[in-house]
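Asker: Attaching a single structure in structure tokens format; questions to follow.
The values are calculated or read from the model by the stated rules, or taken from the named source; none is laboratory data. Since this is a predicted model, take the numbers as computed values, not measurements. A quick note on method: Cβ atoms are made from the backbone with ideal geometry, for glycine too, and the neighbour counts reach across all protein chains shown. In case anyone asks, the SASA skips ligands and DNA or RNA and just uses the protein heavy atoms, side chains included. Shrake-Rupley method; radii C 1.70, N 1.55, O 1.52, S 1.80 Å.
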Amino acid sequence: MKRFVSILLVVLLCLSVFACGSKDDKKDDSKGNVVECNVIYIGVFEPTTGENGGGGMQEVLGIRYANSLFNTVNINGTDYEIQLVEVDNQSDKTAAVTAAQTLVSSNVIAVLGSYGSGVSIAAGETFANAKVPAVGVSCTNPQVTDGNDWYFRVCFLDPFQGTVMASYAWDQGYTKAAIISQNGDDYSTGLAAYFKIAFEKLGGQIVAEETYQTNETDFNAILTKVNASGAEVLFVPSSIQTATLLLPQAKALGISAAIMAGDTWENETIISDAAEGVTFSTFFDENNDANEIAKEFVAGFKAWLNADPENLKLNGGSDGVAAVSALGFDAYMVVYEALERLAETNSVAMREALIATDYMGVTGSVTFNEVGDANKDTAYIKTVQGGKFVFIKTQVAE
Amino acid sequence: MSLTTFLQHCLTGISIGSIYALIAIGYTMVYGILRLINFAHGDIFMMAAYFMIFAMVDFMIPWYISFIIVIAGTILLGITIERIAYAPLRSSPRMSIMISAIGVSYFLQNLATYLFSALPKSYPSIPFLNNTIKLGEVSTSLVTFITPVLTVGLVFVLIFLINHTKIGMAMRAVSRDFETSKLMGIKIDRVISITFAIGCFLAAVGSVLYFTPRPSVYPLAGSLPGLKCFIAAVFGGIGSIPGAVVGGFIIGLSETFIKAMGYSEYSDVFTFILLIAVLLFRPTGLFGEKTEEKV
């Protein structure tokens, strides 16, 4: 009897394997993930913990806000509900791949994210293999979309950003620059390299190039060395965490050179006495009145943040609108607008729709070039003044 | 390298070195008494930083009262750990108590992750400590300058305590021979508690000095400094207080100069190579006593 039961169990087990298998067989590989039961899942692939947890969270807030406004879509006469599937890629390249696989198996038809280029590069292949298109939000390294037909992005790129900062530094009359970058971080080393190329092309001189390790807390030695090199400007593309450590130490050492950085520094946590006068490039400015869509977004987003203390806390305790929140909003809207034009409700058709994107968003118009990058030509230069971010000018690359 | 730059590097190195020295004393004293490497010491240092954040940010207590709260809290934590995790194992093999110490270390790290989340919290700034001062051409924050002075002062007080007071005499006796001092009527538990209290007091002071110019606290913030201070203690000769101080200064200075030469990737590598080299060629460290096997 016992033997009979065990044989029966084994047979059932085998059948159950086939049952799953037959379900998988139904899935047409050429269509990627297919929408079922009138619910469209959109993956949110962002870091909410780890080094980039703070900035990633602000991006998620922009996406959640967009989702709260536009959560149903009509495709070919059928109404669909849109639900976000959020995963935390932990700012870690290994965790990012696992997180991406989780999204793919949750049957998402498009993915938004990430903040930070390293995690996006690491997960790119997973999305491409599953034939699920991803829309990068603020990952600025060229390698994210390069050679990957399934990755798009709504922000500008590091070569552009590095060049813009070099042009800005040159316009300010600086001729000697020093670069400090994070060893092994794609965003930081990439931006540093493009800055160097552009600055030297303009006729400037790079007098020091220093690197530091992830989780370094003591920059005194590096800063002292850079200061001794006679640099007039320091270019420090880095995470926010590094910024909050490096700036007070630079102030204590009495460094008089101007400090410049990339888009990551637009986060209220860096603001302190030591951050006064720091300049950086970013994607968006909340006080720019020229764009009607942006004005509407800023008002709506602030109201949404203030309505829930939890959201306010996640945004760093204030209702300032970070550029990455605006980009998160735009990325969602690009996908939403593509959904409306879908021919079939699957992720392969989703990619076709995304290619044809022509959308006017909060951070400017979005059209994708052949690599999948948004065509953008302007960056916003901001500085810290009197404990606030102040918009200086728009800068085009020279 | 100009003279100013050189002096600037020296100041940075001495400053970080003296913090290492403060924490290394905690390792070395506990080892001297219990023959135990207290692996949780780096995490006690980390918890002290969270106590400060609690006191100053969450309860808005002025810094001088917060400072006392941090010291009291850290000492209490250290003594509690000793009572709960080490005291019951006093008669067990030495390996058990060491494994218990590793357990406490992981416990504290995960407790901090659970209570305060893995996101870095910013350390409150103590207004006057962050003032910039100028010594000739060298510019630095006041805390960088105070750190070595305070450390040297504390070390002298400690050496006086050990050489010229009754409790100091008891400590020396216990470290020489545990069993005999017990027979002579020394209250072992009290001596051990006081040893932990001193170690934790120095870790609390070190934590304030360490995190004020590096204001980012996360649950693993104590593990790397903890390891480096352990190396400083071994390098100087574990069990010896002057050894721990010298070890701390040497590691702090060499780290700074390696970074200054542009090899910041290798600064930690060097510290760990130093540990291996010391263990291979001079296991008792610079000032360590030669142990004679009793037959």
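Asker: Between B:Thr4 and B:Ile167, what length in nm is gained on full extension when 0.36 nm per residue of separation is reduced by their alpha carbon distance?
Answerer: The B:Thr4-B:Ile167 span can extend by a further 54.2 nm.
Asker: From the C-alpha gyration tensor of segment B:21-217, pull out the three semi-axes of the equivalent ellipsoid (sqrt of 5λ each), sorted largest to smallest, in whole Å.
Answerer: 32, 22, 13
Asker: Still on this structure, I have one more. Tell me the relative contact order for chain B as a rounded percent, counting alpha carbon contacts under 8 Å between residues six or more apart.
Answerer: 35 percent
Asker: Another question, if that's okay. Average partner chain C-beta neighbours within 10 Å, per residue of B:121-132?
Answerer: Mean shielding count: 2.
Asker: I would also like to ask the following. Calculate the length of the line joining the C-alpha centroid of segment A:246-271 to that of segment A:75-128, in whole Å.
Answerer: Here the answer is 33 Å between Cα centres.
Asker: Hey, another quick one. Which one, A:Ala110, A:Ala123, A:Ala343, has the greatest fluctuation when you compute a Gaussian network model over chain A with C-alpha springs under 10 angstrom?
Answerer: Looking only at A:Ala110, A:Ala123, A:Ala343, the biggest GNM fluctuation is shown by A:Ala343.
Asker: Using protein chains only (no ligands, no nucleic acids) and a 1.4 Å probe, work out which residues of segment A:205-227 have their accessible area cut by at least 10 Å² relative to the chain alone.
Answerer: With the partner chains in place, segment A:205-227 has these residues losing at least 10 Å²: A:Glu210, A:Thr211, A:Gln213, A:Asn215, A:Glu216, A:Thr217, A:Asp218, A:Asn220, A:Ala221, A:Ile222, A:Thr224, A:Lys225.
Asker: With θ set to phi - 60° and the Karplus curve 6.51 cos²θ - 1.76 cosθ + 1.60, what are the ³J(HN,Hα) couplings of segment B:96-104 in order, to the nearest whole Hz, using x for Gly and Pro?
Answerer: With coefficients 6.51, -1.76 and 1.60, one gets 4, 5, 5, 5, 4, 5, 5, x, 4 Hz.
Asker: Report, by chain and number, residues whose modeled amide H sits under 5 Å from the one on A:Thr48, excluding near sequence neighbours (fewer than 5 apart, same chain).
Answerer: Close amide H contacts, sequence-distant or interchain: A:Asn89, A:Gln90, A:Ser91.
Asker: Related question: Indicate the residues belonging to segment B:1-39 that lose 20 Å² or more of solvent-accessible heavy-atom surface (probe 1.4 Å) upon moving from the chain alone to the assembly of all protein chains, ignoring ligands and nucleic acids.
Answerer: The answer is B:Thr5, B:Gln8, B:His9, B:Thr12.
Asker: With each label point set 7 Å from Cα along the Cα-Cβ vector, what nm distance links A:Asn129 and A:Asn183?
Answerer: Label at A:Asn129, label at A:Asn183, 3.1 nm between them.
Asker: In degrees from 0 to 90, rounded to the nearest 10, what is the angle of the helix A:292-307 Cα long axis to the longest principal axis of chain A?
Answerer: Roughly 80 degrees between the two axes.
Asker: Amide H to amide H under 5 Å from A:Val111: which residues, 5+ apart in sequence or cross-chain, H placed 1.01 Å off N in plane?
Answerer: For A:Val111, whose amide H was placed from the backbone, the distant partners under 5 Å are A:Gly43, A:Ala134, A:Val135.
Asker: In whole angstrom, and with the biggest value first, how far do the Cα coordinates of segment B:31-97 range along each principal axis?
Answerer: Extents along the principal axes: 46, 19, 17 Å.
Asker: Within a 10 angstrom radius of each residue's Cβ in A:238-249, how many Cβ atoms of other chains show up on average? Whole number is fine.
Answerer: Mean partner shielding for this stretch: 3.
Asker: Between the helical axis of B:63-81 and the dominant principal axis of chain B, each derived from Cα atoms, what acute angle in degrees is found, rounded to the nearest 10?
Answerer: It is inclined by approximately 30 degrees.
Asker: Among rounded, prolate and oblate, which fits the protein assembly as shown when a ≥ b ≥ c are the square roots of the eigenvalues of its C-alpha gyration tensor, a/c under 1.5 means rounded, and a/b larger than b/c means prolate?
Answerer: Judged from the Cα gyration tensor, the protein assembly as shown comes out oblate (a/c at least 1.5, b/c at or above a/b).
Asker: If you take each beta carbon of peptide A:42-49 and count the beta carbons of other chains within 10 angstrom, what is the mean?
Answerer: Other-chain Cβ atoms within 10 Å of each residue's Cβ, averaged: 1.
Asker: Let me ask you something else. Against the longest principal axis of chain B, how steep is helix B:3-34, in degrees 0 to 90 to the nearest 10, with axes from Cα atoms?
Answerer: Between the helix axis and the principal axis of chain B, the angle is about 20 degrees.
Asker: Taking 8 Å as the Cα distance limit and 6 or more residues as the minimum spacing, I'd like the relative contact order of chain A as a percentage.
Answerer: 19 percent
Asker: Using each residue's phi in segment A:172-177, evaluate 6.51 cos²θ - 1.76 cosθ + 1.60 at θ = phi - 60° and report the 3J(HN,Hα) Karplus result to the nearest Hz, with x for Gly and Pro.
Answerer: 6, x, 7, 10, 10, 10
Asker: While we're on this one: State whether segment A:58-144 is rounded, prolate or oblate according to the following rule on the C-alpha gyration tensor (a ≥ b ≥ c being the square roots of its eigenvalues): a/c under 1.5 gives rounded; otherwise a/b larger than b/c gives prolate, and the remaining case gives oblate.
Answerer: Prolate is the answer for segment A:58-144, as a/c is 1.5 or above and a/b outweighs b/c.
Asker: Please list, in order along segment B:199-213, the HN-Hα scalar couplings obtained from phi with the Karplus expression 6.51 cos²θ - 1.76 cosθ + 1.60 (θ = phi - 60°), rounded to whole Hz, x for Gly and Pro.
Answerer: Couplings: x, 6, 4, 5, 5, 5, 4, x, 5, 5, 5, 6, 7, 4, x Hz.
Asker: Pairs of alpha-carbon atoms within less than 8 angstrom and 6+ residues apart define the contacts here; what relative contact order does segment A:242-355 have, in percent?
Answerer: Reported relative contact order: 19 percent.
Asker: Ok, one more. Taking Rh as the Kirkwood radius computed over C-alpha pairs, what is the Stokes-Einstein D of chain A at 4 °C in a medium of viscosity 1.567 mPa s, expressed in µm² per second?
Answerer: Using the Kirkwood radius from Cα pairs, D works out to 59 µm²/s.
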